[in-house]
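What follows is one structure encoded as structure tokens, with my remarks underneath.
None of the figures in this text is laboratory data; all of them are computed from the coordinates on show. Since this is a predicted model, take the numbers as computed values, not measurements. In this analysis, Cβ positions are derived from the backbone assuming ideal geometry, glycine residues included, and neighbour counts consider all displayed protein chains.
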Amino acid sequence: SFKGLTSSSQEKRAERQKSLEPSFKLVMIGDSGVGKSCLLEKLLDLSSTNAFISTIGVDVRTHVINVNGHAFKLQVWDTGGQQRYRPVLSSCYRNVHGIIMVFDVTNVKSFANLPQWIKEVKEFAPNQGVVPKLLIGNKSDLADRREVKQEIAEAFAKEHSMSYIETSAIATTNIREAFMALLQSNND
Ligand code: GDP
Ligand code: MG
């Protein structure tokens, strides 16, 4: 019957939805231009599957990452840049397993804005106290343009219960290490 068909297609949809559910949800935040999308692109490389959904104010990328032979379904919410809305923000931070905050070591303003991002996390991520948080200082390849000292960033991260790592999306330095650190701290 028509009704039968409907419920079966609903079941199929539910099944598909379930298979799309991430086993690990990361949210990536930080000022526009710090290199979030580049970092993500380098992490994913060509071997990973990559679904891409664009919504208002946030891009969601789902892909499978291989860690020591185990496949992780990773969902990364890449935020920032566009205008941001409360409903988007709350779904962005819901059930999050890890928070990555990125600034640009050659742009002191992106570092000075971190307290704003921390404020947002505290407001929207109810579990933020127990979720692993990682601070990334990106663009470490631009040594002669550095505006934020490593020690300063490290101290800031420590003060806010975050790990700290410096990366370069261009030179491909520490990218995998950064994501691995977060995946592993979640399994502790
Ligand atoms: P997003 O707005 O945070 O997603 O930033 P994007 O990933 O779009 O990067 C912004 C700009 O910074 C682009 O022009 C990138 O090429 C550049 N960029 C990103 N990461 C690095 C890096 O590690 N080193 C250098 N030199 N440039 C970078
Ligand atoms: Mg981006």
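The table that follows gives values for the structure above.
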quantity	calculated
Ellipsoid semi-axes in whole angstrom, largest first, where each is sqrt(5λ) of the Cα gyration tensor of region 93-150	26, 11, 7
For region 75-188, diffusion coefficient by Stokes-Einstein and Kirkwood Rh (Cα), 37 °C, 0.692 mPa s, µm²/s	223
For region 110-115, 3J(HN,Hα) per residue [Karplus equation, 6.51 cos²θ - 1.76 cosθ + 1.60, θ = phi - 60°, Hz, x = Gly/Pro]	5, 7, 5, 7, 4, x
Sorted by Cβ density within 10 Å, fewest first, the residues M101, M28	M101, M28
Top positive-direction residue, dipole computed over region 75-169 with Cβ charges, set S110, A157, V130	V130
Simple Cβ-charge dipole of region 108-164, Lys/Arg +1 and Asp/Glu -1, about Cα centre, in debye nearest 20	60
Residues whose placed amide H lies under 5 Å from that of I29, excluding near-sequence neighbours	I100, M101, V102
Over 25 Å (Cα to Cα) - which of K25/K109; K42/K133; K36/K133; K36/K149; K25/K149 fall in this group	K25/K109; K25/K149
Whole-Hz couplings from phi, Karplus 6.51/-1.76/1.60, listed for region 144-151; x for Gly and Pro	6, 10, 4, 10, 10, 5, 4, 5
Cβ-based exposure ranking for C92, C38, in which fewest neighbours within 10 Å come first	C38, C92
